[in-house]
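The values are calculated or read from the model by the stated rules, or taken from the named source; none is laboratory data. As the structure is a prediction and not an experimental result, all values here were calculated from the model. When we count neighbours, we look across all protein chains shown, and the Cβ atoms used for this are built from the backbone with ideal geometry, even at glycine.
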Amino acid sequence: MHVAAAVDLGSSSGRIVVGKFDGERLEMEPVYRFENEIVPRGDRLTWDVERIFAEITNGLRKVADAGLKLDSLAVDTWGVDYVLLDDAGHQIGAAQAYRDARTALKRDTLTARWPQWQAFSATGVQPADINTVNQLYADLSADPSLRERVTQLQLLPDYFAYRLSGQQNWGWAIAGTTGLTVAGKPQWSSEVFRALRLEENWLGPIRPGRRVLGPLSAALGIGSDVQVIDVGGHDTACAVHATGQSAESVFISCGSWSILGCPTEQPVLSSEAFEHGFSNEVRVDGGNRLIKNITGLWILQECQREWEAAGEQVDIAALLEEALQAQSLEVVFDPNDPVFGTPGEMQEKILRYCTENFGVVPKSRGQLMRLLLESLAVAYRDSIADLAAVTGRAVETVHLIGGGARNELLCQLTADATGLPVLAGPAEATAVGNVLAQLEASGVITDSTQSRGVIAQSFGQVRYEPDVRTGAHLRLGNLGSS
């Protein structure tokens, strides 16, 4: 029996999930969960990395208290964000969040130095304000003294793995989200560092994922015979690793963000991919994922926070039932509209958007939720059509994984909007992929065929067929219009 812990950190919550592998089946057990959120500090949006690390160690102690003896653990997080360190390994400044507005203020000067098409051609990453390259450029522009004070930049999963093991690392999958690497290669792009006058010496060599870093630090008092493993570090890469998917299916990793895409042998660097907003990211196995980022359940999460802060009770199951019973407004909005990209007053933003664009507004929370889910389903439909056009592939199925796989209404609406069957699950795809990669790194699982067999034996899927009677307006509807 190999017992592995996935330290799975998301932008709205973190959790420790333990996987037990008996040689044939993988059993997943959530042991610890904590809330996570962006923390405003002055005029900046930040992450409280000290609190997150304290929660990680609390969670690992809960694992030990439960009598579970770990063989290994690995950390995954969302992409692009980082911590700056001095030569003693101490944090410099706050770990700023990708939703912080500072990057927008420097967008024009960055683009003048590093044009968007040039950036995409060199790195394979779609230019966006949230990218690490934009954040780093903004930070150095605002505070040039960082050049003298900082000696290292650690991306978040590598930073937490460093705190756990004392081993420095730059994983390929997480590095591939930054806009700082050569497309399809585990190396930093000197071209972008020169163009933007960034500090390449802050970064070490990029290493492939599924690699043992070393034992858990004895100083943590949790147990030093646990191996800390690099699984690439990126949550979406781990989630997709759990699908064992074919080239004929599209994956949607649905959480705060919806990441939609398909595997490709090489980065896709065509003008069509660039114009349709696609990006190239690295898989856990080192292959390529052609993906598009769609603002996902973040919009609902923000509404939930507002309702709870106002003292309203929020039961997601009841809310979904209300949405199922609610009459459709038969309009949809674009979830990627910048107005929905920043925190605060989300319900008001939706109501204002609907008033200005459609002249109708949802009359209840259930109708608002149905509007959001229908809007996501239509965004998926349009992105799948774009993906098929860019790759020349016929799409046969949609594989929806992550927390959204539990949302039966979203899964059915996605089938209705796309006209394609939807296979939903596993809902815990990120943790599953994290543990699966640990088993591979440890030599417990030896090839991809065995990995696919373990997934098939261990986790079921729910199939949703498109309903031609109820999905007509979704297949015809346009984002941002009635």
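The conditions are (1) over 26 Å from Glu281 (Cα atoms); (2) at pLDDT 95 or above; (3) not basic (Lys, Arg), and Ala88 fails exactly one of them. Which is it?
Unmet for Ala88, out of (1) over 26 Å from Glu281 (Cα atoms); (2) at pLDDT 95 or above; (3) not basic (Lys, Arg): (2).
Does Phe53 qualify as being among the hydrophobic types (A, V, I, L, M, F, W, C), over 30 Å from Val150 (Cα atoms) and surrounded by fewer than 18 Cβ atoms within 10 Å (Cβ to Cβ)? Break it down stepwise before answering.
On the way: among the hydrophobic types (A, V, I, L, M, F, W, C): yes; over 30 Å from Val150 (Cα atoms): no; surrounded by fewer than 18 Cβ atoms within 10 Å (Cβ to Cβ): yes.
So Phe53 does not fit the description; no.
Considering only residues that are more than 24 Å from Ala405 (Cβ to Cβ) and either in contact with a Cys (Cβ under 9 Å, 6 or more places away or on another chain) or crowded, with 16+ Cβ neighbours inside 10 Å (or both), which ones fall in segment 305-338?
Across segment 305-338, the qualifying residues are Glu306, Leu329, Val331.
Could you look through segment 387-422, keep only residues that are surrounded by fewer than 17 Cβ atoms within 10 Å (Cβ to Cβ) and of a type in the set (Asp, Glu), and pick out the one that is farthest from Ala237 (Cα to Cα)?
Here the answer is Glu408.
Is there a residue in segment 339-346 that is outside any loop (DSSP other than H, G, I, E, B), crowded, with 19+ Cβ neighbours inside 10 Å and aliphatic (A, V, I, L, M)?
In the first step, residues of segment 339-346 are kept if they are outside any loop (DSSP other than H, G, I, E, B); the result is 339-340, 346.
Subsequent filtering for residues that are crowded, with 19+ Cβ neighbours inside 10 Å retains 340, 346.
Okay, now just the ones that are also aliphatic (A, V, I, L, M), so 346.
Yes, that holds for at least one residue.
Could you list, in sequence order, the residues of segment 27-49 that are touching a residue at least 40 places away in the same chain (Cβ under 8 Å) and either under 24 Å from Gly214 (Cβ atoms) or part of a helix (DSSP H, G or I) (or both)?
Residue satisfying the conditions is Val49 alone.
When both residues are 6+ apart or on different chains and their Cβ atoms are under 7 Å apart, which pairs have a first residue that lies in segment 192-221 and is charged (D, E, K, R), and a second that is surrounded by fewer than 19 Cβ atoms within 10 Å (Cβ to Cβ)?
Going by the 7 Å Cβ cut-off, the qualifying pairs are Glu199/Arg147; Glu200/Ser190; Glu200/Phe193.
Test Phe274 against the stated conditions and say whether it is in contact (Cβ under 8 Å) with a residue 60 or more places away in the chain, in a strand (DSSP E or B) and surrounded by 18 or more Cβ atoms within 10 Å (Cβ to Cβ). Before you say what the answer is, go through the steps one by one.
Numbers: in contact (Cβ under 8 Å) with a residue 60 or more places away in the chain: yes; in a strand (DSSP E or B): no; surrounded by 18 or more Cβ atoms within 10 Å (Cβ to Cβ): yes.
No; evaluated as a whole, the condition is false for this residue.
Return the total of residues in segment 224-247 being in contact with a strand residue (DSSP E or B) (Cβ under 9 Å, 6 or more places away or on another chain) and part of a loop (DSSP other than H, G, I, E, B).
Count: 11.
Among the listed residues Gly171, Gly166, Gly176, Gly184, which satisfies the condition of being free of Cβ contacts under 8 Å to residues at least 60 places away in the same chain and in contact with a strand residue (DSSP E or B) (Cβ under 9 Å, 6 or more places away or on another chain)?
Sole residue among the options that is free of Cβ contacts under 8 Å to residues at least 60 places away in the same chain and in contact with a strand residue (DSSP E or B) (Cβ under 9 Å, 6 or more places away or on another chain): Gly166.
Only one of (1) touching a residue at least 40 places away in the same chain (Cβ under 8 Å); (2) in a loop (DSSP other than H, G, I, E, B) is not met by Arg61, so which one is it?
All conditions pass for Arg61, except number (2).
Yes or no: Ser458 among the polar types (S, T, N, Q), surrounded by 15 or more Cβ atoms within 10 Å (Cβ to Cβ) and touching a Pro at 6+ places or on another chain (Cβ under 9 Å)? Break it down stepwise before answering.
Values: among the polar types (S, T, N, Q): yes; surrounded by 15 or more Cβ atoms within 10 Å (Cβ to Cβ): yes; touching a Pro at 6+ places or on another chain (Cβ under 9 Å): yes.
So Ser458 fits the description; yes.
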